[in-house]
1. I need the calculated FRET efficiency for the pair residue 138 and residue 168, taking r as the beta carbon distance and R₀ as 25 Å, to the nearest 0.05.
2. How big is segment 65-137 on each of its three principal axes, counting only the C-alpha atoms and giving the largest first in Å?
3. Could you check what % of the DSSP bridge pairs in segment 80-222 are antiparallel, to the nearest 5?
4. Let a ≥ b ≥ c be the square roots of the eigenvalues of the Cα gyration tensor of segment 105-222; is it rounded (a/c under 1.5), or, if not, prolate (a/b larger than b/c) or oblate?
5. What FRET efficiency would be calculated for the residue pair residue 196, residue 109, taking the C-beta separation as r and a Förster radius of 35 Å, to the nearest 0.05?
6. Run the helix sum for the chain: -39,500 (n - 2.57) per DSSP H stretch of 4+ residues, divided by residue count, reported at 222 nm to the nearest 500 deg cm²/dmol.
7. At 25 °C and 0.890 mPa s, what whole-number value in µm²/s does Stokes-Einstein give for the translational diffusion of segment 1-127, with Rh from the Kirkwood sum over Cα pairs?
8. Would you mind putting 193-206, 168-181, 51-64 in packing order, based on average other-beta-carbon counts within 10 Å, highest first?
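Bear in mind that the values in this text are calculations on the coordinates, not laboratory data. Note that this is a predicted model, so its numbers are computed, not measured. Positions of Cβ are backbone-derived with ideal geometry, glycine not excepted, and every protein chain shown enters the neighbour counts.
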């Protein structure tokens, strides 16, 4: 298991070439379409505040943060990568973007909701990151995050240095103090979201197939 180098500009420039070519509005729209499916899937399963302070960890170009902002939430979008945040800031002017390392950063600011999608499998010390998330939440606050289950596809990615079974994450959450911990498998339709947000949908099933994004979404409450 090698150490993650996310946050180093030379690494990030190459890494994000997997997802973006031009970092323009058209590409942003595709990723917003993608996260509309995640929005529907998640918001159907939990009560989301119509007001409150929200932190997104690993926001990339900020597509999901835009969706949260449109819901009336006070959003702080963060990423360890200064490189990707420089792109995000050019695409969105009304979202607050900050460089943030959840494994190291301490903050006195508290949040009602924290999101992190497909982030924790990239971390060197996800247990420490979970502890830091717990400290950042207000009492009763919720942490909603996704991370892939062990599969041929998820384990083949060399940047996935901490892929674990659901039981590992649930136990880690309990250890740091989360009172309520639930999870669900989530599989999202591939490719069609590129054409319309209305073709972006997730289903509560587990699949291990090429080109299909199948992951686990966790709901931890302080």
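1. After rounding, the FRET efficiency stands at 0.45.
2. Cα extents, longest axis first: 33, 27, 22 Å.
3. Around 75 percent of the beta bridges assigned by DSSP in segment 80-222 are antiparallel ones.
4. Note, shape of segment 105-222 comes out prolate.
5. Working from the Cβ atoms, E equals 0.45.
6. -9500 deg cm²/dmol
7. 161 µm²/s
8. Sorting 193-206, 168-181, 51-64 by mean packing, highest first, produces 51-64, 168-181, 193-206.
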